[in-house]
1. Compute a Gaussian network model of the chain, connecting alpha carbons closer than 10 Å, and tell me which residue from VAL36, VAL13, VAL102 fluctuates the most.
2. In whole Å and largest first, what semi-axes does the C-alpha gyration tensor of the stretch 8-129 yield when each eigenvalue is scaled by 5 and square-rooted?
3. Could you pull the accessible area for SER17 with a 1.4 Å probe, rounded to 10 Å²?
4. On a 0 to 90 degree scale, rounded to 10, what angle separates helix 23-45 from the longest Cα axis of the chain?
5. For a test of the definition: using alpha carbon positions, the gyration tensor, and the 1.5 limit on a/c, classify the stretch 1-66 as rounded, prolate or oblate.
6. Charges only on Cβ, +1 for Lys and Arg, -1 for Asp and Glu: so what's the dipole of the stretch 1-104 about the Cα centre, in debye to the nearest 20?
7. Using the heavy atoms of the protein chains and a 1.4 angstrom probe, tell me the accessible area per residue for the chain in square angstrom.
8. By a straight-distance test (C-alpha under 27 Å), which lysines pair with LYS21 as possible cross-link partners, with residues fewer than eight away in the same chain excluded?
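The values are calculated or read from the model by the stated rules, or taken from the named source; none is laboratory data. No experiment lies behind these values; they were computed from the predicted model shown. Note that we place each Cβ from the backbone using ideal geometry, even for glycine, and neighbour counts take in every protein chain shown. These area figures cover heavy atoms from the full protein model, side chains too; ligands, DNA and RNA do not enter into them. Shrake-Rupley method; radii C 1.70, N 1.55, O 1.52, S 1.80 Å.
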Amino acid sequence: MDEMWARVASDMVARVSGPMKFRLVLQPLMATFFAVRAGLADGKAGRPPYMWGIFSDPAERASMLENGWKDVGKVFILALILDVVYQIIVSRFVYPGEAIIVAVVLAIVPYVIVRGLVTRVARRHIRVP
């Protein structure tokens, strides 16, 4: 088990300097674009910040998750596919767990953080009619 975690850590660090490293910037930027767009819409509509709304409003949870997945789902799938291609190029083997970790870090995490921050800022600066 320890060997597996050591391999995962080593593989994650190797992605930074390996081939296809452009995706480490491009995919979070794409997720950020969608997050800013959704956060501004949330702010204009007077909705709570994304993660806060998911955890605190059970009635709206499903629709918020669906809305978020609609925005970031394509970026997540692209991150997953590009990581699988990277793994095939570098190690000639695919580790699905590593691909999922990378896709979450590159797509979901930036989306959630930026959408919540943009919603907070938008709610302060945009007057809701």
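1. Result: VAL13 has the largest fluctuation of those listed.
2. Rounded to whole Å, the semi-axes are 32, 14, 10.
3. 90 Å²
4. 10 degrees
5. Values: a/c = 4.78, a/b = 1.84, b/c = 2.59.
Here the stretch 1-66 falls in the oblate category.
6. 380 debye
7. Computed with neighbouring chains in place, this is 62 Å² per residue.
8. LYS70, LYS74
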